[in-house]
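See below for the structure under consideration.
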Amino acid sequence: MAPATLTPQKSLLDVLPPGKRARLHRLLFEYGPGQGTLLFLPIDQGIEHGPRDFFPNPDSKDPEYQFRLAVEANYTAIACQIGFATKYWPDYAGRTGLILKINGKTDIPSGAQSFSTLNASVEDAVRLGADAVGYTLYVGSPRQDQDLLQMKTVREDCDRYGMPLVVWAYPRGEALDEKGGQSTFYAIDYAARMAMEMGADIVKLNMPKIDPEKDKLTPEPYNELDVTQEEAIRQCVESAGRALVVLSGGSRIDDDELLGQTRMIMEAGGSGVIYGRNVWQRDLDSAKEIVEQISSTLTTSILRTP
Amino acid sequence: MAPATLTPQKSLLDVLPPGKRARLHRLLFEYGPGQGTLLFLPIDQGIEHGPRDFFPNPDSKDPEYQFRLAVEANYTAIACQIGFATKYWPDYAGRTGLILKINGKTDIPSGAQSFSTLNASVEDAVRLGADAVGYTLYVGSPRQDQDLLQMKTVREDCDRYGMPLVVWAYPRGEALDEKGGQSTFYAIDYAARMAMEMGADIVKLNMPKIDPEKDKLTPEPYNELDVTQEEAIRQCVESAGRALVVLSGGSRIDDDELLGQTRMIMEAGGSGVIYGRNVWQRDLDSAKEIVEQISSTLTTSILRTP
Amino acid sequence: MAPATLTPQKSLLDVLPPGKRARLHRLLFEYGPGQGTLLFLPIDQGIEHGPRDFFPNPDSKDPEYQFRLAVEANYTAIACQIGFATKYWPDYAGRTGLILKINGKTDIPSGAQSFSTLNASVEDAVRLGADAVGYTLYVGSPRQDQDLLQMKTVREDCDRYGMPLVVWAYPRGEALDEKGGQSTFYAIDYAARMAMEMGADIVKLNMPKIDPEKDKLTPEPYNELDVTQEEAIRQCVESAGRALVVLSGGSRIDDDELLGQTRMIMEAGGSGVIYGRNVWQRDLDSAKEIVEQISSTLTTSILRTP
Amino acid sequence: MAPATLTPQKSLLDVLPPGKRARLHRLLFEYGPGQGTLLFLPIDQGIEHGPRDFFPNPDSKDPEYQFRLAVEANYTAIACQIGFATKYWPDYAGRTGLILKINGKTDIPSGAQSFSTLNASVEDAVRLGADAVGYTLYVGSPRQDQDLLQMKTVREDCDRYGMPLVVWAYPRGEALDEKGGQSTFYAIDYAARMAMEMGADIVKLNMPKIDPEKDKLTPEPYNELDVTQEEAIRQCVESAGRALVVLSGGSRIDDDELLGQTRMIMEAGGSGVIYGRNVWQRDLDSAKEIVEQISSTLTTSILRTP
Amino acid sequence: MAPATLTPQKSLLDVLPPGKRARLHRLLFEYGPGQGTLLFLPIDQGIEHGPRDFFPNPDSKDPEYQFRLAVEANYTAIACQIGFATKYWPDYAGRTGLILKINGKTDIPSGAQSFSTLNASVEDAVRLGADAVGYTLYVGSPRQDQDLLQMKTVREDCDRYGMPLVVWAYPRGEALDEKGGQSTFYAIDYAARMAMEMGADIVKLNMPKIDPEKDKLTPEPYNELDVTQEEAIRQCVESAGRALVVLSGGSRIDDDELLGQTRMIMEAGGSGVIYGRNVWQRDLDSAKEIVEQISSTLTTSILRTP
């Protein structure tokens, strides 16, 4: 299948109500690299994985590190849990954006029945002066019934307060295992669509992996497609319609790969990236250096205006 | 069993309270083909099946496509989820009808324990200016207890706001497998009745399939009946009493079959059809053409006045 | 064990608060055969069994049929679900009594874990001008915890609005299977007591069946009793204390048996009967005829004054 | 282990807020044998066991019997469910005490996962003029999580309305089976403590049974103790701290044993007894006679002043 | 890995809102040994283990014992359940601090699915004049979804009322068994982090145990670390960021070990200890003596100022 041109979409900002528009405009154009791009710093690995991700750079265990990094390296926003936001954000409020991540869980039990309950609320985000709310939706989990119902309450509160909703759309759960797992184009594409139809303003996706063995297990026509990773990303972006898409980096990879991937994401219609371990598993100076390169890649590869 | 005449029913509009009557009158007589018929365009396949249904016509992945189609081909209404309604409906508001579908789920986990939780509310529908609310009820699912309780809250809100309630009445769940499955006359007939008794104004059914092997497994007297598909539809329409019935097309079929089926539905007392993939898996011009034929079939085969 | 005289009970009406008293007085003395008797027409088989019960008399599929029957044959009240009450009752309001049945379920999944969630509310009953509310309690089900908690809310609302509470007290659930099943004197007696202690004003019971094989499996002293069906009914009536008891007919039986059973119920202290299929599986004229005979049997066999 | 002296406890009445104090004072000193003793008549066997307990004395099936007994034999209070209280208590209100038992269940399903949901509320108790509320807590059940959360709401309402809280503290559930079962000193002692720490004002316990075979299975140091039943009771009373303790009789035992047990309970620091079947499984005159003996035993064996 | 210097953290008091600050200041500087240290007396073993912990010192069964001990030995605060606080705290109110522990459970069922529901509320704590609220979070339990959601409501109420939140952060649940169990550095470190990110002001941890066999089963890099217990504690303290950390003693150990451990905790950055059985399993005089030594150790080993 040959890569097609991206379907032009009406600007997201044009269709959003004023509260969401104001906050999202700030993220897209005021904080961070700007020009309609998004560069998020996620620091919720401490609950999702435990402190083990901090060992490569012991400084990173101190939440101060990430807040300082977000401000000094000029990230668009930092995404963190309520405990961080309550005890560290006050000193940085207004100097960078804040995405309050309002659900999460440890990875100690298996992911077969994935579901993250709320540990904070949209009202907490409003009170703290956050610019957006983050919610993890496990697409395809056997517990999707609880997840969708919970997300409804979040989406409604976001509508009520004019708070942009960033959905971490993760294919997950035991039923996916027989359909190629959580990283196929099929799975990521479904997740992108689901998040948009459920009301996301920004969809956070993991990179789709092209793996013929796994793709064979996906439903038609995905099991017969022969697409590049870039094409897969482009289609996922399209599945999200007017919602903006940011992609994550996952565990640490090579710098060139990281920058190449960043460019590919933007050229496939993505609106930005959310890079955590790839950045803060370095000392502050190296971290700031790589963020500068990422920022410059973002603003020089813009395909889509939000 | 010989097909009987349809039992005359008092007009549904006459028994509805004013809010429901106003909105339903609009759907039956103002939007779409009119004359008391209903022609709905469903676009929730992106969450129910994932984006895979869009591959035959890549344009169809963009929600704009369906909204444009609904308006230009003169559908009665478009039925979609909250994300669509929030981000695309504003540009089309007032130019076609809107049925806000307020529950749904992915098809990744098995359907053995089917239950779709709410992802939006009747209040959302009111706020968006929708003409009706759509709810999927899985009749016979082991989780019917949760489903019926949830539907109670929806039905009550519909009563409160005068919002017509369209019930997607789907026989489903592991217990049905030993009773012939979800497509028998028995199963569809039960679903039609259930939806009406639970308070549906319009019941959306799948076509009952006559299959002697499966019918043998259904309870008495269904296992001994020898009815045509049309007779089965007529009986399902009767089971729904004063509630109106629309039938769906499912995956794509031949045009002649589609139009023949449309006529049969109307002559069996149906009030219209809900055709998605059979229409939007074509390019816009062909889609508009077939809709014109469907509309004309609807209005020339009316048996029942609502 | 020799049949004993019925313990005299204080009149139920005397202990009820005014709202309940007014409504129940209407049912006992104004509608139907009167003189303190109750003759209820149940039409919830469409959801509890599906439309299959309507085949013996196709006219019975149309809800109009039962409403007309209730009025023309002079039933005390019709008992139905919210969909019926909303779309058909308006035309008959005030001409017969209405019991709004507010929970129910399909019989597609097995009854091992029986529990019927609410699909309507006591407030719906008030709004519709109903004379009583009907609730199915599955006595002994593994899910009794949810059932009793739910019934609490119904009982409280009945207290709040002065609405009589009719409890369909059905022994049910997998744990009963090893104790003789749902039709033994033990099971029905327990159900009668449970309903009264939980706050029922009227208890609807199925006929206890005397079956030595099954009775052997019941707990002491039921496994050693040697009682007639009439004596069993009398004891069940006593277990319900001041609550009134009506018994149901179940699937269709012979007319003489039906009338004999009716007399036996009254002579054992019952306050009336609830006959559906035994009546409406006939054409309207025959139905009215048999109801006349039942009514006359009721009023000529009164033992207990309510 | 040698029996120790009972640790002196501050009077419970002195630490209770005025509403609880007023009501409890009434039970301890005004109704029943008085002098700080408690004599409760429980009549919830009809739901906990079914009507089978009434066969030894058929009169006992009529709730009138127990109310009359409570008044004529001068019990401190009758403990019953909402249905009883609503339909029979009005005639006896003010002439004896009332403990409204607000949860309960049938014994048809197994007790492996014991949990009794609420069927009435503290507000019901207030409205009916009850003197206390009764709640069954299944200590150690796998569903303790639900039980404790539910009891929280009851305790809070009791605090709000100044209503004394009587906790039926029953060790129960499949996990206990491997630890000696529900009647060991270990199990009863744990239950006594749990009830007090959760906020009980009065704790209702079953008699601990000394059984070396079962005691061996209990945790240290219970598996090595060698205590008499009286010493076990005394320790359970101590575990309940300032909360008062009443012990129950269970199924019917010999009169001498009953009176001896009563004396032992009082001498071990108990505040009274709750005797049902041992009393009402007799005719009214014999019942009154034995109650007189029990009362006299209570008031002549007082060790602890409340 | 060589022990590193503790990362300096901004004072917790400086970032807390006024209500939390006032109450926490009282605990750190007014009650108990002061100078920014915390010495808590836990007395919830009666529900968590049953009365078995009281046998070594029978006096300890009487709640008076612990309250008297807390006041006379000059503890910072006593931590107990609602029943204790309601019936014993009034006599001691204002003379020591109170941490109302608002969830808990028996240890009768297995801990595979650990989850402690609420038995009291933050409002109870406010009403009783408590200085903080205690909550047990089972980190890694298969029921973490319910736990986190419940803790959200507690955290929100603490924010609303300015009540400090002390989290008993316990790694627990069947999924941990394959990862080295609940006492590894990995498990305790994860728990410390989780509690802080979820909003704890003070984190209560069990001592991490260094056990190469179990550590081998933990995830990378924990399975390869070679740290001392003190270094492990220091890292756990760092994982808790600005939240203060207190460590518990568990079952009784030798006095020298107890004091040595106390010093180690303080030198690793801990803010104090929570010692129950190690103290109250002695007679009052010995208990007061050891508390004096503990207090002196605390105040002479302070590393971190809160």
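The values are calculated or read from the model by the stated rules, or taken from the named source; none is laboratory data. Note that the coordinates shown come from a computational prediction; the quantities given were computed from them, not determined experimentally. So basically every Cβ, Gly included, is an ideal-geometry build from the backbone, and we count neighbours across all protein chains shown.
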Looking only at the range E:71-84, filter to residues that are without any contact (Cβ under 8 Å) to a residue 40 or more places away in the chain and assigned to a strand (DSSP E or B); which one of those is nearest to D:Met194 (Cα to Cα)? E:Cys80
What pairs come up if the first residue lies in the range D:243-259 and is in contact (Cβ under 8 Å) with a residue 24 or more places away in the chain and over 25 Å from D:Val166 (Cα atoms), the second is crowded, with 17+ Cβ neighbours inside 10 Å and among the aliphatic types (A, V, I, L, M), and their beta carbons are under 8 Å apart, counting only those six or more places apart or on different chains? D:Asp255/D:Ile290
Qualifying positions in the range B:226-262 - among the aliphatic types (A, V, I, L, M) and more than 18 Å from B:Thr7 (Cβ to Cβ): B:Val246, B:Leu247, B:Ile253, B:Leu258, B:Leu259
Taking only the range E:121-139 into account, find how many residues are surrounded by fewer than 23 Cβ atoms within 10 Å (Cβ to Cβ) and part of a helix (DSSP H, G or I). 5
Can you tell me which of (1) surrounded by fewer than 19 Cβ atoms within 10 Å (Cβ to Cβ); (2) of a type in the set (A, V, I, L, M, F, W, C); (3) within 22 Å of C:Ser11 (Cα to Cα) is the one C:Ala240 doesn't meet? (1)
Considering only the range C:283-293, I want to know if a residue exists there that is of a type outside the set (A, V, I, L, M), part of a helix (DSSP H, G or I), buried (at least 19 other Cβ atoms within 10 Å of the Cβ) and at pLDDT 95 or above. no
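Listed here are the residues, each with its yes/no results for (1) of a type outside the set (D, E, K, R); (2) without any contact (Cβ under 8 Å) to a residue 24 or more places away in the chain; (3) part of a loop (DSSP other than H, G, I, E, B).
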{"position": "E:Asp14", "(1), (2), (3)": "no, yes, no"}
{"position": "E:Arg23", "(1), (2), (3)": "no, no, no"}
{"position": "E:Ile47", "(1), (2), (3)": "yes, no, no"}
{"position": "E:Leu69", "(1), (2), (3)": "yes, no, no"}
{"position": "E:Thr86", "(1), (2), (3)": "yes, no, no"}
{"position": "E:Pro90", "(1), (2), (3)": "yes, yes, no"}
{"position": "E:Gly97", "(1), (2), (3)": "yes, no, no"}
{"position": "E:Leu100", "(1), (2), (3)": "yes, no, no"}
With the condition kept exactly as written, say whether any residue in the range E:37-54 is among the aromatic types (Phe, Trp, Tyr), touching a Gly at 6+ places or on another chain (Cβ under 6 Å) and more than 9 Å from chain D (Cβ to nearest Cβ). no
Helices (runs of 4 or more DSSP H) (entirely within the range E:140-229) containing at least 2 residues that are crowded, with 21+ Cβ neighbours inside 10 Å and at pLDDT 95 or above: E:144-161, E:185-197
If you check A:Ile274, A:Ile265, A:Ile290, A:Ile294, which single one turns out to be of a type in the set (A, V, I, L, M), on the phi < 0 side of the Ramachandran plot and in contact with an Asp or Glu (Cβ under 7 Å, 6 or more places away or on another chain)? A:Ile290
Among what's in the range D:55-81 and is out of contact with any helix residue (DSSP H, G or I) (no Cβ under 9 Å at 6 or more places or on another chain) and buried (at least 24 other Cβ atoms within 10 Å of the Cβ), pick the residue that is farthest from the other protein chains (Cβ to nearest Cβ). D:Ala70
So D:Ala2 clears everything in (1) modelled with pLDDT of 95 or more; (2) surrounded by fewer than 23 Cβ atoms within 10 Å (Cβ to Cβ); (3) not charged (D, E, K, R) except one condition, right? Which one? (1)
Cβ-Cβ distance below 7 Å, separation of 6 or more or different chains: which pairs start in the range E:195-222 with a residue that is within 22 Å of E:Glu178 (Cα to Cα) and within 14 Å of chain A (Cβ to nearest Cβ) and end on one that is among the charged types (D, E, K, R) and in a helix (DSSP H, G or I)? E:Pro219/A:Arg52; E:Glu220/A:Arg52; E:Pro221/A:Arg52; E:Tyr222/A:Arg52; E:Tyr222/E:Asp215
Within the range E:176-191, identify whether any single residue is over 13 Å from E:Ile102 (Cα atoms), touching a Cys at 6+ places or on another chain (Cβ under 7 Å) and without any contact (Cβ under 8 Å) to a residue 60 or more places away in the chain, and answer yes or no. yes
Over 23 Å from C:Asp189 (Cβ atoms) and either surrounded by 19 or more Cβ atoms within 10 Å (Cβ to Cβ) or charged (D, E, K, R) (or both): is that true of D:Thr86 in this structure? no
If we scan the range D:156-172, do we find a residue that is within 11 Å of chain E (Cβ to nearest Cβ) and closer than 19 Å to D:Ser110 by Cα? yes
One residue is enough: does the range C:107-127 have a residue meeting the conditions over 19 Å from the mean Cα position of the chain (by Cα), more than 10 Å from chain B (Cβ to nearest Cβ), closer than 23 Å to C:Gly32 by Cβ and small (Gly, Ala, Ser)? no
